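Can you keep this structure in mind? I'll have questions shortly.
Every read-out reported here was derived from the displayed coordinates using simple, explicitly stated rules and does not represent laboratory data. What you see is a predicted model; the values in this text were computed from it and never measured. For neighbour counting, all protein chains shown are included, and Cβ atoms are generated from backbone atoms with ideal geometry for every residue, glycine included.
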Amino acid sequence: MYRIAVDIGGTFTDGVIENTETSRIWIAKSLSTPASPGDAVSRVIADLLEKSGASAEDVVDVVHGNTIVTNTLIERRGVRTALVATAGMTDLIEMGREVRYDLYDLHLELPPPLVPAELRLGANERMAADGTSDTELVQAEIERVAAELRALRPQSVAIAFLHSNVSDRHEVAMAQGLRARLGSDIAISVSSHVAGEIREYERTTTATANAYVQPLVETYLRELEGRLQALGVVAPVLIMVSSGGFTSAAAAADTPIALLESGPAGGVISAAHAGKAAGLRNVLAFDMGGTTAKLCVVIDGEPSVAHSFETARVHRFKRGSGLPILIPSIDLIEIGAGGGSIAAVNALGLLKVGPESAGSVPGPACYGNGGTEPTVTDADLVLGYLDPANFLGGEMALDVGKAREALAHVGARIGLNALQTATGIIDIVNESMAAAARVHIAEKGHDPRSFTLVATGGAGPLHAVSVAQRLGVSRIVFPIAVGAGSCLGFLAAPARADRAWSRISPLAGMDWEELGRRLTAMRADAEAELTQAGSDAAACQWSVVAEMRFGGQGTTIPVSLPYRLPGDEFAGELVELFTRRYATLFGGVVPSARPEVVTWRVIAVGGEAHGSFHWPLDAGEIVAPKAWRSIYLPKTGVMGDVPVYDRYRLPPGAAIAAPAIIEERESTLAIPLPAQVRVLADRAILVELDA
């Protein structure tokens, strides 16, 4: 039996197929096709079947992650979307928090709402904060709203009523009424279903974002199933979600906003998995692809999961300049550019890199597909880190002349030649990534020097060593199939389901019977999703998370218990866990303050941890270099010859002295600094930098 994982990135679409009996893997990689993402997916899957010799009928499932949701929101090319909100609250998505993310920017630009004013409708209903109805939603009002929507002709509708996180009765009634009157051609997103949490602006924005992309994702997933059937693959499609697990295609089509960070989540799971295999519990998961670089702090083998996220930022690295989204997502940070990020000279006459990317079309100048602007990949090529004749195993030749020409053209504006421009680009990229990572790690309360950096992604292995050295990290691990790391993460990921219910309640006055009913309902809903994804709900690990604070505070602290219905001892356990965690974070507790719960979560994580993937040696063991190549050596600031090794032929236990280059088909490991290199038992590579 075989499993397939496919990840659509900004530049490349990656795929891995695994023989489930032997854990043997094969890898495929192709340029992404933005105009029709499924074209690259079909090409990759066909390549995987051919390489592995697997029959399409032997594939048991296909795990898929993509950037469709992210790109749609960034590029603002979603469907015509309407919003039905409580009367008087329709402009909430435009007013936002009324907070300036940059206090001193006189030309501050806020992200425009996804739904324009003319497509926002107010419904005459109102739910009170305690879940009782101040103004009942009547059938005549549903009829009126439906008539107005018919005249507006939206393709998708978001429903977000005030306080629906406490009681969804009005939202459900409106949704049922609209579906009956508007038909199935119009998609409907209900905020209490998409994000049943407190904070009206964030919940409404999440619902509108879900509605904005839902028809596109549903169409894509339907077409994907058709493409798989055309290849003879009739296995179920499982979709990676941002929380680091997978769900069914049906659940993903219903709540596609959960897919927002599916690719990067796979990279983190892959890094955490590789860290555990190497006996490392605390790692920095560093993933650099064609468009962006991201980092996640993994403690005791588990990445933390946040429940809010920001996307489609006006300013890429300014928190608060994007659309807030309430979804469970692996807590990672974008720290820099990708291989396709474009270098230019700014208004001050200084070299800058990104945020614009050449993507796969036209791609870096060296691809020879019409790109003329220099990118990070062009700089890596000119500095010798990439072999122009061995890119993608020789399937794609790189044009050094075009890369030099692009670099020289930009460098001439500030008196630099092509080589100097290339070193400047790499220095800027590596230093900016290290600086952003340093801040993020410090905000988590950790010292980067106590971690091991695990690199994934097509460009991650080219830059990981230099980034680690700038952070003071002495050990770097490169897992097998590092260039398709997200796909290995997909295959190692468990099924996962998250449910939330927000109602601010002091523990002293908690209605435990009502809470028991809510937890039971959330668990039943999560079990249905897990069953749909082919997972055994009874075998999952279930937990209850209470997000707590002291009365009067604005920020919560999560505390977790194994799932069970609340009893007499529940309050005492929660208070003990909360006060202990609070004291750890802040040095003490608030005297005489009353603890309260803001949000309850039920979380299910299924399946046992995946074992090691198997990647056999090619044509025998050879530790000797296959060639020598001149690369840029940052310690000396000059080009120098270093050995080049074939990673597929390095056996476990092999030891190498760096500087060196280690090549595999999907990526290149650049080690331009003095270091000791060792191949681990699972064929991952450990680099230990010299002091």
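Divide by every residue of the chain the summed helix terms, -39500 (n - 2.57) for each DSSP H run of at least 4, and state the resulting mean residue ellipticity at 222 nm, rounded to the nearest 500 deg cm²/dmol.
Here the helix-only value at 222 nm equals -10000 deg cm²/dmol.
Right, here's the next one. Using the Karplus equation 6.51 cos²θ - 1.76 cosθ + 1.60 (θ = phi - 60°), what ³J(HN,Hα) coupling, rounded to whole Hz, does each residue of region 331-341 give in order, writing x for Gly and Pro?
7, 10, 10, 6, 10, x, 8, x, x, x, 5
How do Met89, Met95, Met510 rank when sorted from fewest to most other Cβ atoms within 10 Å of their own Cβ?
Exposure proxy ranking, most exposed first: Met95, Met510, Met89.
Among the DSSP beta bridges whose two residues both lie in the chain, what percent are antiparallel, rounded to the nearest 5?
The antiparallel proportion sits near 75 percent.
5 Å is the cut-off here: which amide hydrogens, built 1.01 Å from N in the peptide plane, fall below it relative to Gln541, excluding neighbours closer than 5 in sequence?
Amide H neighbours of Gln541, under 5 Å, 5+ apart: Val605, Gly606, Gly607.
If packing is taken as the mean number of other Cβ atoms within 10 Å per residue, what is the order of 219-225, 194-200, highest first?
Output ranking for 219-225, 194-200: 194-200, 219-225.
Kirkwood hydrodynamic radius (Cα pairs, Å) of the chain?
26.5 Å
If you don't mind, another one. Output wanted: per-residue J couplings in Hz (rounded whole) for region 300-305, from phi through Karplus 6.51 cos²θ - 1.76 cosθ + 1.60, θ = phi - 60°, x for Gly and Pro.
Couplings: 6, x, 10, x, 6, 10 Hz.
Separate question: Output needed: percent of Cα pairs per 5 Å distance bin for region 405-562, bins running from 0 to the one holding the longest distance.
Histogramming region 405-562 at 5 Å steps yields 1, 7, 10, 10, 10, 11, 11, 12, 9, 6, 5, 4, 2, 1, 0 percent.
Among the aspartates and glutamates, which fall within straight-line cross-link reach of Lys402, defined as a Cα-Cα distance under 15 Å, with same-chain neighbours fewer than 8 residues apart omitted?
Reachable aspartates and glutamates: Glu373, Asp378, Asp380, Asp387.
Would region 76-213 count as rounded, prolate or oblate if I go by the C-alpha gyration tensor, calling it rounded below 1.5 in a/c and otherwise prolate when a/b exceeds b/c, oblate otherwise?
Taking the square roots of the gyration eigenvalues as a ≥ b ≥ c, region 76-213 is oblate.
Is the C-alpha gyration tensor of region 235-319 telling us rounded, prolate or oblate? Criteria: a/c under 1.5 is rounded; beyond that, a/b larger than b/c is prolate, otherwise oblate.
Note, shape of region 235-319 comes out oblate.
By the gyration tensor of its Cα atoms, with a ≥ b ≥ c the square roots of the eigenvalues, what is the shape of region 496-605: rounded for a/c under 1.5, prolate for a/b over b/c, or oblate?
The shape class here is prolate.
Non-local amide H neighbours of Ile198 (under 5 Å, H modeled in plane, Pro and chain starts lacking H): which ones?
Residues meeting the criterion, in which the H sits 1.01 Å from N, are Ser502.
Which entries of Lys276/Lys318; Lys352/Lys626; Lys276/Lys626; Lys318/Lys352; Lys29/Lys635; Lys444/Lys635 show an alpha-carbon separation above 28 angstrom in the structure shown?
Result: Lys276/Lys318; Lys352/Lys626; Lys276/Lys626; Lys29/Lys635; Lys444/Lys635 exceed 28 Å.
What is the fewest-to-most order of Leu574, Leu565 by other Cβ atoms lying within 10 Å of their Cβ?
By the 10 Å Cβ count, ascending: Leu565, Leu574.
Give the span of region 99-174's Cα atoms along each principal axis, as three whole-Å numbers ordered largest to smallest.
48, 35, 16
How do Asp641, Asp387 line up, fewest other C-beta atoms within 10 Å first?
Fewest to most other Cβ atoms nearby, the residues stand as Asp641, Asp387.
Where the centre of each part is set by its Cα atoms, how far does region 530-565 sit from region 512-526, in angstrom?
Cα centroid of region 530-565 versus Cα centroid of region 512-526: 11 Å apart.
Further question on the same structure: Tell me, rounded to the nearest percent, the portion of alpha carbon pairs in region 627-689 spaced more than 14 Å apart.
Cα-Cα pairs in region 627-689 separated by more than 14 Å: 53 percent.
What is the distance in Å between the Cα centroid of region 184-236 and that of region 1-70?
Rounded to whole Å, the Cα centres lie 22 Å apart.
Ordered by residue, what ³J(HN,Hα) values in Hz, to whole numbers, does region 288-298 give under the Karplus form 6.51 cos²θ - 1.76 cosθ + 1.60, where θ = phi - 60° and Gly and Pro are x?
Values, residue by residue: 10, x, x, 10, 9, 10, 9, 9, 9, 8, 10 Hz.
Shifting gears a bit: Between Ala158 and residues 5 or more places away or on another chain, which pairs have amide H atoms under 5 Å apart, with H built 1.01 Å from N, and which residues are they?
Ala82, Leu83, Val84, Ser189
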